[in-house]
Amino acid sequence: MQNILLPILSVLLGYAFVLILKPTQNKNLKLLLAFSGAFLLSITVFNFLPEVYAQSNEYVGLFIMIGILMQIILEFFSKGAEHGHVHLDKSETNFPWLLFISLSIHSVLEGIPIHNHSSLLIGIIIHKLPVAIILATFFFASQLPKAKIVFFLVLFALMTPFGVLLSENFTFIQNYYYEISAIVIGIFLHISTTILFESNEDHKFNITKLITIIAAIAIAYFV
Ligand SMILES: [Zn+2]
Ligand SMILES: [Zn+2]
């Protein structure tokens, strides 16, 4: 049950944060993003990757690379919303279907391995929080009709839980569980390293960011 509720809660928390506090400070959001990227990468490398490698067949590596490629392709359409920025035109009034579909594919997939890897849930919750904040900030400032915004944000909150339900109820998904998990590993490797790379765009030494990243790695190691 918590596998379904907690991802929804983390997204709702992100929306509430934007609605109530109307954050204007970009710096703190960047730190939260850096934390989430380092944390998700650590959970993947410390737990998720070794578990899938140990239980699976020789094709794991291949599926991990497919996951990386898949996320690269998804980001042609989402413009990087999964790892922390939205590039749509704020005056756009048409529904951003490409963003919506690519983000949904990403979110459903990442829900599938949750119930077999306990620390993965925490990694996904922490990864979703800044993404929800970024999406909500963009949509509340956009010219899109309110009903469409609510539709988009609610569906986004439900996609990962939908992946959890799929993996629990469909034997097709269970039969390909390790292949899908390896694809999700690839997706996480891509988004988390991209977050870390982009959070350090100017390559200037930033002690706060460095401490944030080290803290995320340390916490992920001990959960
Ligand atoms: Zn990017
Ligand atoms: Zn994600």
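Odds and ends about this structure:
- The C-beta contact set for segment 193-216 (first residue more than 16 Å from ligand 1 (Cβ to nearest atom), second residue not in a helix (DSSP H, G or I), distance under 7 angstrom, 6+ apart or interchain) comprises Lys209/Ser199.
- Selection from segment 175-202 of residues that are open to solvent by 40 Å² or more (accessible area, probe 1.4 Å) and either aromatic (Phe, Trp, Tyr) or away from ligand 2 (no atom under 16 Å from the Cβ) (or both): Asn175, Tyr176, Tyr178, Glu179, Phe197, Asn200, Glu201, Asp202
- The single condition among (1) among the β-branched types (Val, Ile, Thr); (2) assigned to a helix (DSSP H, G or I); (3) within 16 Å of ligand 1 (Cβ to nearest atom) that Val86 does not satisfy is (2).
Rundown of residues vs (1) buried (at least 20 other Cβ atoms within 10 Å of the Cβ); (2) of a type in the set (Val, Ile, Thr); (3) at pLDDT 90 or above, yes/no style:
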site: Pro145; (1), (2), (3): no, no, no
site: Ile149; (1), (2), (3): no, yes, no
site: Leu158; (1), (2), (3): no, no, yes
site: Lys204; (1), (2), (3): no, no, no
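- Filtered residues of segment 41-75 (kept if under 27 Å from Phe138 (Cβ atoms) and either within 16 Å of ligand 2 (Cβ to nearest atom) or without any contact (Cβ under 8 Å) to a residue 24 or more places away in the chain (or both)): Leu41, Ile43, Thr44, Gly67, Ile68, Met70, Gln71, Ile72, Ile73, Leu74, Glu75
- Residue match in segment 165-173 (condition: at pLDDT below 95, open to solvent by less than 70 Å² (accessible area, probe 1.4 Å), more than 11 Å from Ile112 (Cα to Cα) and among the polar types (S, T, N, Q)): no
- 3 or more residues more than 15 Å from the chain's Cα centre (by Cα) and among the charged types (D, E, K, R): qualifying helices (runs of 4 or more DSSP H) within segment 123-223: 146-169
- Boolean, His106 is closer than 21 Å to Gly123 by Cα and assigned to a loop (DSSP other than H, G, I, E, B): no
- Close Cβ contacts (under 7 Å, 6 or more residues apart or on different chains) running from residues in segment 79-95 that are within 16 Å of ligand 2 (Cβ to nearest atom) and open to solvent by 50 Å² or more (accessible area, probe 1.4 Å) to residues that are modelled with pLDDT of 75 or more and assigned to a loop (DSSP other than H, G, I, E, B) comprise Lys79/Val86.
- Annotation note: of Ile72, Ile105, Ile66, the sole residue that is within 22 Å of Ser199 (Cα to Cα), open to solvent by 60 Å² or more (accessible area, probe 1.4 Å) and out of contact with any Phe, Trp or Tyr (no Cβ under 6 Å at 6 or more places or on another chain) is Ile72.
- Among residues of segment 1-40, those that are of a type outside the set (A, V, I, L, M, F, W, C), out of contact with any Phe, Trp or Tyr (no Cβ under 9 Å at 6 or more places or on another chain) and without any contact (Cβ under 8 Å) to a residue 40 or more places away in the chain, counted: 5
- Qualifying residue in segment 125-147 (condition: touching a Gly at 6+ places or on another chain (Cβ under 9 Å), charged (D, E, K, R) and more than 16 Å from ligand 1 (Cβ to nearest atom)): yes
- Selection within segment 43-63 - outside any loop (DSSP other than H, G, I, E, B) and open to solvent by 10 Å² or more (accessible area, probe 1.4 Å): Val45, Phe46, Asn47, Leu49, Pro50, Glu51, Tyr53, Ala54, Gln55, Gly61, Leu62, Phe63
- Taken over segment 155-198, the criterion of being within 18 Å of Ser78 (Cβ to Cβ) and aliphatic (A, V, I, L, M) is satisfied by Leu155, Ala157, Leu158, Met159, Ile183, Val184, Ile187, Leu189, Ile191, Ile195.
The values are calculated or read from the model by the stated rules, or taken from the named source; none is laboratory data. Quick caveat: nothing in here was measured; it's all calculated off a predicted structure. All Cβ positions, glycine included, derive from the backbone under ideal geometry; neighbour counts span all protein chains shown. To get the accessible areas, we keep the full protein, side chains included, count just its heavy atoms, and leave off ligands, DNA and RNA. Shrake-Rupley method; radii C 1.70, N 1.55, O 1.52, S 1.80 Å.
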